[in-house]
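The values are calculated or read from the model by the stated rules, or taken from the named source; none is laboratory data. Everything quoted here is computed from the prediction, not taken from an experiment. Neighbour counts are summed over all protein chains in view; Cβ atoms, including those assigned to glycine, are modelled from backbone coordinates with ideal geometry.
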Amino acid sequence: MIFRILGTFVTLFLIAACSSDEARLRDLYDVGTGPEEFAVLPSKPLIIPNNLKELPVPDEKVGNLADPTPKRDLIEKLGGSIDETKSVPKRDKGLLNYVSRAGVNSNIREELAEEDRKFLRRMGVLTSVKLFRVDRYNQIYRNMTLSAPKELERWRSLGVRTPLMSTR
């Protein structure tokens, strides 16, 4: 009886180890089922062209008919400016100087990605073996997550005035 149970577990582990899928931390849904059509909401009214047989060839540089300037629209919506000739506003120069006082690393994204790969390699035991669909993201990054109530109490205990916040 014990050999059957042990054999079943060994078989399950072998099947899980033979998976060809790349290990993913977030496994919340099956991406192979196709696009989620209702997740995309147009930001501008859609206009149907007069002649649907003569639609332009899709091109990244030209944009598309539904949303011709998505990056520009986003930047303007957030209060920024596309105009590269404009300098940093006076009110932001102090902030910019302060945050760049130790220098600006232009390669920060690649460095952080490499550090994260090394971290995930160290945590590999948790990410590689999955018998069931499990979201491992929160388990792996648990020690790096800030608890807002604990941080609030820490700052209050140091005598720093903080905005009102429920500590529940």
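Brief remarks on what is shown
- K53 vs. criteria modelled with pLDDT of 75 or more, of a type in the set (D, E, K, R) and exposed (fewer than 10 other Cβ atoms within 10 Å of the Cβ): yes
- Meets criteria (closer than 30 Å to L12 by Cα, within 25 Å of the chain's Cα centre (by Cα), modelled with pLDDT of 85 or more and of a type in the set (D, E)) for D135: no
- Residue that is farthest from the chain's Cα centre (by Cα), among those in the range 76-88 that are in a loop (DSSP other than H, G, I, E, B) and either in contact (Cβ under 8 Å) with a residue 40 or more places away in the chain or surrounded by 10 or more Cβ atoms within 10 Å (Cβ to Cβ) (or both): V88
- Look at (1) out of contact with any Pro (no Cβ under 7 Å at 6 or more places or on another chain); (2) surrounded by 10 or more Cβ atoms within 10 Å (Cβ to Cβ); (3) outside any helix (DSSP H, G or I) and you find that D73 fails only one, number (3).
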